[in-house]
1. Can you tell me how segment 72-300 classifies by the Cα gyration tensor, rounded, prolate or oblate, using a/c under 1.5 as the rounded cut?
2. Taking R0 as 30 Å, what FRET efficiency do you get between Glu41 and Thr143 from their Cβ-Cβ distance, rounded to the nearest 0.05?
3. Per-residue HN-Hα couplings for segment 28-44, Karplus 6.51 cos²θ - 1.76 cosθ + 1.60 at θ = phi - 60°, whole Hz, x for Gly and Pro?
4. Which value in deg cm²/dmol, rounded to the nearest 500, describes the helix-derived mean residue ellipticity at 222 nm for the chain, given -39,500 (n - 2.57) per DSSP H run of n ≥ 4 and division by the residue count?
5. Between Ser176 and Phe276, what is the spin-label point distance in nm, taking each point 7 Å from the Cα along the Cα→C-beta axis?
6. Would you order Cys57, Cys186 from fewest to most other beta-carbon atoms within 10 Å of each residue's own beta-carbon?
7. Using a cut-off of 14 Å between beta-carbons, work out the net charge of the residues near Ala50 (Lys and Arg +1, Asp and Glu -1, Ala50 not included).
8. Kindly express, to the nearest 10 degrees and within the range 0 to 90, the angle between helix 106-124's C-alpha long axis and the longest C-alpha principal axis of the chain.
Amino acid sequence: MTEKQVTREVFDAVMVPNYNPQKVIPVRGEGSRIWDQADKEYIDFAGGIAVTALGHCHPRLVNALSQQAQTLWHLSNVFTNEPALKLAQKLTESTFADKAFFANSGAEANEAAFKLVRKYSYDHVGPEKNEIISFTQSFHGRTLFTVSVGGQPKYRKGFEPAPGGIRHAEFNDLASVEAVISDKTCAVVLEPIQGEGGIIPATPEFLRGVRALCDKHQALLVFDEVQTGVGRTGHLYAYMEYDVVPDILTSAKALGCGFPMGAMLTTEKVAKSLVFGTHGSTSGGNPLACAVANEIIDIINDPTLLKGVSDKNKRFIDGLNAINAKYGIFKEVRGKGLLIGGALNDEWQGQAGRFLQAGLAEGVMVLVAGPNVIRMAPSLIIPDTDIEQGLALLEKGIEKVVSEGSNT
Ligand SMILES: *Cc1c(COP(=O)(O)O)cnc(C)c1O
């Protein structure tokens with residue numbers, strides 16, 4: 001039987017319409033290059049969506065996955081497994097944390113964190129200490145609890161009633177946190193760099209101030225490092241550069257580099273509240289995902305690799321600024337490490353998607369972060385020649401859009 005080639009039309013026929021994927025279907029990737037069904041080549045500045053931190057099909061990850069695939073896939077949580085234990089050792093040795101819980105995604109890691117902060121305060125103070133403070137524009141995943149904690153109302157519209165006990169403050173505005181924090185607060189949750197919200201780094205003063213407010217009100221501080229973690233900012237986790245230590249940290253995306261993987265890390269004291277039977281996941285911490293994540297941490301938690309991320313940051317920022325000098329579309333080029341945003345100026349508000357499309361047509365994949373920011377989150381080991389070539393393709397796309405003119 002010959003297999004018929006599937007096309008983009010099949011998506012509309014048989015998939016729930018919650019996504020609207022591009023017309024082209026990528027079929028193959030290697031390093032920072034991707035090929036579609038027509039064998040057109042792309043330079044990948046997207047990294048999936050800040051996920052494939054070691055590019056596509058990294059030989060060491062392929063090997064780790066294949067080895068484990070021939071050894072053991074699943075056990076249930078009636079047993080533990082060697083890859084999970086080794087990974088938990090690595091993560092706790094290299095971070096503030098003493099304990100790990102494994103999940104399959106960022107949303108699930110956050111769900112575990114949000115349940116844990118409630119449970120911890122319930123255990124130590126009482127049920128009335130249950131309020132979670134998060135921030136407008138924040139993103140924490142798509143489960144009902146995580147879209148409710150998240151600061152983008154469009155993601156929970158129509159899905160109400162949402163869980164209660166959640167308040168939103170303004171990011172980088174300590175006074176707005178002071179206005180809502182109280183002894184009823186069980187936790188403050190934030191992304192050290194708001195990702196989906198537009199690549200907005202927290203200021204060091206803000207993080208220090210939030211830490212102090214949490215201590216004053218006996219609230220836990222949760223850092224959602226699903227996007228900023230595992231080397232993305234040039235540090236294993238972004239909190240390390242800020243030198244502000246959370247009580248709970250969540251990680252996913254690059255932790256699996258495309259294999260579904262999530263983790264919640266915390267201290268011994270806080271972990272105690274998730275006593276036997278209080279939380280769980282059938283596939284979380286499975287041997288396949290943990291074998292891959294072990295290899296990822298071994299490769300990325302390396303001073304040379306992390307230093308390279310900072311060097312590549314400069315290459316991107318310089319390149320984007322040079323493009324901007326010609327076309328004047330950005331009001332700011334910002335971000336840390338290889339999480340970079342070009343914030344469109346007033347003339348181009350709402351049109352980030354046009355630049356993404358134009359880049360794709362030229363053969364470079366970029367992301368958006370909301371309608372006003374072009375986002376890049378490439379492989380942490382993207383070769384410099386690919387950066388230069390990708391920026392040249394992006395410039396061509398930008399030139400096209402600019403020559404067509406703004407919509408506004
Ligand atoms: C992507 C993301 C999530 C959600 O992760 P999923 O794996 O899609 O559930 C949560 N928080 C942040 C900061 C993210 O960037």
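What follows draws every value from the coordinates through simple rules; no lab data is involved. Being a predicted model, the structure only gives us computed values, none of them experimental. Ideal geometry is used to build each Cβ from the backbone, glycine not excepted, and the neighbour counts take in all protein chains shown.
1. It is prolate, given that a/c is not under 1.5 and a/b is the larger ratio.
2. 0.25
3. Rounded to whole hertz, the list is 7, x, 8, x, 9, 10, 9, 10, 9, 4, 8, 6, 6, 9, 10, 8, 9.
4. About -12000 deg cm²/dmol.
5. With each label placed 7 Å out from Cα toward Cβ, I get 4.5 nm.
6. Listing Cys57, Cys186 from fewest to most nearby Cβ atoms yields Cys57, Cys186.
7. After counting each charged neighbour, the total is -1.
8. 20
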